[in-house]
């Protein structure tokens, strides 16, 4: 009795028991997507066709990436204007793209590169979405 209840075989043990106990298909034809893949693709297409949602999502992503670019520019200015007492200590700050300028200044473009890559990805996503969107009259 306990094993039947745990396995979910007792009638009424779980809701919609007939749907959950269906056997999975053993083979699938090559080149034909699974029904769940088609369903997810249809839902994504519907979301991408919603102009308001897409515009807001792209605006948020573009704003965040522009903020990251601005942080990168601020890092460059800060590194060039700050006098570090020990360049070796400042260079081991965890930023990969950092170079020493003069005796006690640093040029750090790590954050600027991250922001630029994020902005490029957002722009590519916007181009991709605009080419997939159907023509509106």
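The values are calculated or read from the model by the stated rules, or taken from the named source; none is laboratory data. Model, not experiment: these values are computed from the prediction. Note: ideal-geometry Cβ built from the backbone for every residue, glycine included; neighbour counts use all protein chains shown.
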Next item on the list: Could you check residue 92 against (1) in contact with a helix residue (DSSP H, G or I) (Cβ under 9 Å, 6 or more places away or on another chain); (2) at pLDDT below 65 and say which number it fails?
Entry: (1)
Check: Which condition number does residue 59 fail, the rest of (1) at pLDDT below 75; (2) assigned to a helix (DSSP H, G or I) being met?
Finding: (1)
